[in-house]
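Undergrad: Quick one: structure below, then a few questions.
We did not get these values from a lab; they are worked out from the coordinates using the rules stated. Since the model is a prediction, treat every value here as computed from it, not as a measurement. Glycine gets a Cβ as well: all are built from the backbone with ideal geometry, and neighbour counts include every protein chain shown.
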Amino acid sequence: MSLFFAKLWQALVSGLSIGSIYALIAEGYYITFVTTGALNFGQGEFLMIGALFGLTCYVTFGLPYAVAVIAAVLLTGVMGAALERGAIRPVMRHALSLSWVLSTVAVSIILKNAAVNLWGPEQIKFPSPFGEAVLQIGSAGIFPQELFIIVAALGTVFAVQMFLRRSLLGKALIAVAFNRNAAAVMGINVPRMVVFAFVLSSALAGLGGILIAPITFAWAYMGTVPGIKAFAAAIFGGLENPIGILIGGLVIGLLEQLLGMVNSNLKEGITFFFILIVLAIRPTGLMGRREITKV
Amino acid sequence: MSIEARTTGLRLGAIGIGLLLAAVLGSTAVAADLKIGFTLSLTGGTDDYGKGARMGAELALKEYNDKGGYQSKKVEAVIYDDETKPAKGVENVTRLITRDKVFAMVGPVNSGVALAIIDIAQKNQVPLMDTVATAEQIIERYKNAPKNYIFRVSLNDGIQTSFMIDYIKGRQYQRVGLMHDSTGWGQSGRDTALRLVKEANLDLVAGPEVFDQNDTDMTTQLTKMQEAKAEFIIAYSLAPAGVQIAKSMQKIGLKTPWTGTWALIAPNFLKLGGKATVEGVMAVTSYTPDHSANAKVLHEKVDRIFKEQGGDFHPVATAQTYDGVRLLLRALDKVGPDPQKIRDALEEIDDFTEAVTKMKPHPFSHANHESLGRDTGFLAVWRDGKLERAAAE
């Protein structure tokens, strides 16, 4: 029995680390969805760019990890602004237009291609700044980087929430999300806020990339699966509820590991089957029915 | 586009396809040009092997041509990238046979590509030397044909697994665990291992456990190995997932010895994992840079000539292709650039003493197109960033 709990503990620790990355990226979907009704289906590729650009800064140029993190976040943030101006705004003129689905997917394919040409198709080692010695937490082993991922990702999710609720800029963003026209009447520059939403969303993905690269390696195709799983987390948790999304990300990460204890062949199938059941019962997601925070 | 234009287009297309087919089927065996054709993965997941193979081929041809070539004519390499895609491999081989009129072909790297192209080589009666791909069916498909045009200088999957079984037997382990990735290659490896473990009367106590080749955490699979008290683990995994297995073993403190196929001798495995992580991991090989005097010479040459290309791809792919191309050139010397005669001559070569792999001086015969057999490989182990032969008992 004690071995069972040891296994369970290991699965929880491992699941928490990957789940917090899903949550981090999924919050990015939330921010742009509530402000514009659009999602960036290239979130996974922004994550990849964050990782590879971070790798170039950290390994090739030998900059400190913190500087590489900031550089990756800045670059993906700027790319988010470019995405909004280049691929979202031009196709969003019609209120019901779904062209942004294709335009964001198009950007993601272009980014993948560009990355293969710049960094090659192979996995590249991203050395962890915290070393490679395993830490013991009870009976479970964890790499320092994984611990850092949990702290940094969850910390960022909470920091973004605080920012949205407390700061003037954050409140303006929430106001746009709540009622675009009223926000405009109140003197908020709506188009600028929309750009800002994409900057924030993309920067979160970029941060996720440089955080997980020491665990997953950095490579051109690294973003596809986390992008999809984070999307699942966002829908599963409730696309308009940041707390629901956080829970959604963690649940998906944990489910995969826990189901892997039972049968490694079926873990992903069963995870997504579970999501289907939850969506059938609660079509707007686990916590989707609640109202978004009032300003 | 009007309907007329469209039918005209269709008709033209049909004529084009017809011409292409005629060209493929009608190409006769007389090839005047001195060309060897290659289809290799130079991009895609297994490009390390393809680049390694290309080095071996270029080196073999350079040495041959420097010595005067064939009747003072140079032999040329025509190298196409198949991008690790079967359809692209088919296109390459068709082009090599019909347009480039090569007298022999070498490649590919990927077994999926190989199984798609061997039919074309066989039908057109142009010998194909597989120097990397490992699926057993590549040689077996035409084993009973009057003339098999497919030859191999590589360790097939069954032979690779048999080295693992030999090692397990030698160490007197009884309890075996099995893991594999979810690709077609991983699944066929699993089937081979299940068969051989059973034949050897070993107990499969854990697995087969599956993982995705991009999974980053294998602790759940490995905990099962730990619980079942497996004494040895066989893992069909490419280099990136192999690193994740090693790391996850560190996490749960599992020290069970384990081996992969020759995928884990790739330099990429060391690069991704680092010295400390790969320490003690085993892998199948037919070659280490110092297992024979010939191998040592080759290794020094590769180091010197290809240094500026980052000459560190896959040493075994280089060695096997070096031998495979030299066998074709030996056959060329004997019978001239006629694909069918070259095929026959390959079966008769019995004085190939300069091999860098462990093949015999008479590597092929009518019944046997596998030059590397049960006695030509072994398990190597990573020690301090280098591969050593693993002690068998």
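Undergrad: Tell me the relative contact order for chain A as a rounded percent, counting alpha carbon contacts under 8 Å between residues six or more apart. Don't skip to the answer; put the middle values down first.
TA: On the way: 491 pairs, mean separation 107.6, N = 295.
So the answer I get is 36 percent.
Undergrad: Now for a different question. Using a Cα-Cα cut-off of under 15 Å, which aspartates and glutamates could be cross-linked to A:K267, ignoring same-chain neighbours fewer than 8 residues away?
TA: Within the straight-line cut-off, A:K267 pairs with A:E256, B:D181, B:E209, B:D212, B:D215, B:D217.
Undergrad: Note down the nm distance, to one decimal, between modelled labels 7 Å out along Cα→Cβ at B:K123 and at A:L266.
TA: 4.3 nm
Undergrad: Arrange A:E122, B:E140 by Cβ neighbour counts within 10 Å, fewest through most, would you? Before the final figure, lay out each step's value.
TA: Details: A:E122 20, B:E140 15.
Result, fewest neighbours first: B:E140, A:E122.
Undergrad: What nm distance separates the two modelled labels at B:E63 and A:W9, each placed 7 Å from Cα along Cα→Cβ?
TA: The two pseudo-label positions are separated by 5.8 nm.
Undergrad: If you don't mind, there's one more thing I want to ask. For chain B, find the longest principal axis of its Cα atoms and tell me its angle to the long axis of helix B:184-199, 0 to 90°, nearest 10.
TA: Once rounded, the angle reads 60 degrees.
Undergrad: While we're here: In 5 Å bins starting at zero, report the fraction of Cα pairs in the range A:2-281 per bin as a rounded %.
TA: 1, 6, 12, 17, 18, 17, 13, 9, 5, 2, 1, 0, 0
Undergrad: Could you put B:Y64, B:Y287 in order, starting from the residue whose Cβ has the fewest other Cβ atoms within 10 Å? Please report the intermediate quantities before stating the final value.
TA: On the way: B:Y64 20, B:Y287 29.
Exposure proxy ranking, most exposed first: B:Y64, B:Y287.
Undergrad: How much length is gained on full extension from A:F178 to A:V101, taking 0.36 nm per residue of separation minus their Cα-Cα distance?
TA: Details: separation 77, 0.36 × 77 = 27.72 nm, distance 2.25 nm.
That pair, A:F178 and A:V101, stretches by 25.5 nm at full extension.
Undergrad: Moving on to the next point. So for the range B:315-393, Kirkwood radius off the Cα pairs, Stokes-Einstein at 4 °C and 1.567 mPa s: how many µm² s⁻¹? Mind showing how you got there, number by number?
TA: Working: Rh = 14.1 Å.
The diffusion coefficient I find is 92 µm²/s.
Undergrad: Within the range B:166-277, what is the number of lysine pairs with alpha carbons under 13 Å apart, leaving out pairs fewer than eight places apart on the same chain? Working shown, then result.
TA: Values: B:K169/B:K198; B:K229/B:K255; B:K247/B:K255; B:K247/B:K275.
So the count works out to 4.
Undergrad: Can you sort B:R304, A:R180, B:R54 so the residue with the fewest Cβ neighbours within 10 Å comes first? Don't jump to the answer; show the numbers that get you there.
TA: Numbers: B:R304 9, A:R180 17, B:R54 25.
Ordered by Cβ neighbours within 10 Å, fewest first: B:R304, A:R180, B:R54.
Undergrad: Per the helix-only calculation at 222 nm, which mean residue ellipticity applies to chain A, given -39500 (n - 2.57) for every DSSP H run of n ≥ 4 and division by its residues, nearest 500 deg cm²/dmol? Don't skip to the answer; put the middle values down first.
TA: Numbers: 11 runs with 205 residues, N = 295.
Mean residue ellipticity at 222 nm (helix-derived): -23500 deg cm²/dmol.
Undergrad: If you don't mind, there's one more thing I want to ask. Identify which of B:G50, B:G158, B:G69 has the largest mean-square fluctuation in a Gaussian network model of chain B, with springs joining Cα atoms closer than 10 Å.
TA: B:G69
Undergrad: Tally Lys and Arg at +1 and Asp and Glu at -1 over the other residues with C-beta under 13 Å from the C-beta of A:F163: what net charge comes out? Mind dumping the intermediate values first?
TA: Details: positive: A:R165, A:R166, A:K171; negative: A:E27.
Counting the neighbours of A:F163, the net charge comes to +2.
Undergrad: Right, another one. Starting from the coordinates of the alpha-carbon atoms of the range A:1-152, obtain the Kirkwood hydrodynamic radius over all distinct pairs and give the value in Å to one decimal.
TA: Details: mean 1/r = 0.0563 Å⁻¹.
One decimal place: 17.8 Å for the Kirkwood radius.
Undergrad: Right, another one. For chain B, what is the convex hull volume of its Cα atoms per residue in Å³? Provide the component values of the computation, followed by the final result.
TA: Working: hull volume 64.0 nm³, N = 393.
Expressed per residue, the convex hull around the Cα atoms of chain B is 163 Å³.
Undergrad: May I ask you to compute the full-extension gain from B:K169 to B:K229, defined as 0.36 nm times their residue separation minus their alpha-carbon distance, rounded to one decimal in nm?
TA: On the way: separation 60, 0.36 × 60 = 21.60 nm, distance 1.71 nm.
Using 0.36 nm per residue and subtracting the Cα-Cα distance, I get 19.9 nm.
Undergrad: To continue, here is another question. Pairing the Cα long axis of helix B:111-124 with the longest principal axis of chain B, what angle in degrees results, from 0 to 90 and rounded to the nearest 10?
TA: Computed tilt is about 30 degrees.
Undergrad: Once Rh is set to the Kirkwood radius over Cα pairs, what Stokes-Einstein translational diffusion coefficient, in µm²/s, holds for the range B:48-125 at a temperature of 37 °C and a viscosity of 0.692 mPa s?
TA: Details: Rh = 13.4 Å.
The Stokes-Einstein estimate is 245 µm²/s.
Undergrad: Scan chain A and note any complete DSSP helix (H) whose C-alpha atoms cover at least 27 Å along its axis and whose Kyte-Doolittle average is 1.0 or more. If you can, show how the numbers build up before the last one.
TA: Working: long enough: A:2-36 (50 Å, 1.11); A:99-119 (30 Å, 1.28); A:144-166 (32 Å, 1.15); A:190-216 (39 Å, 1.81); A:242-262 (30 Å, 1.93).
Span-like helices in chain A: A:2-36, A:99-119, A:144-166, A:190-216, A:242-262.
Undergrad: Would you calculate the separation in nanometres between label points at B:E76 and B:D203, each defined as 7 Å from the Cα along the Cα-to-beta-carbon direction?
TA: 6.4 nm
Undergrad: Per residue of the range B:48-61, in order, report the coupling 6.51 cos²θ - 1.76 cosθ + 1.60 (Karplus, θ = phi - 60°) as ³J(HN,Hα) in whole Hz, putting x for Gly and Pro.
TA: Values, residue by residue: 4, 5, x, 5, x, 4, 4, 4, x, 5, 5, 5, 4, 5 Hz.
Undergrad: Shifting gears a bit: Treating only the Cα positions of the protein assembly as shown as identical point scatterers, give the base-10 log of I(q)/I(0) from the Debye formula at each q in 0.06, 0.08 Å⁻¹.
TA: Relative scattering, expressed as log10 I(q)/I(0), comes to -0.42, -0.71.
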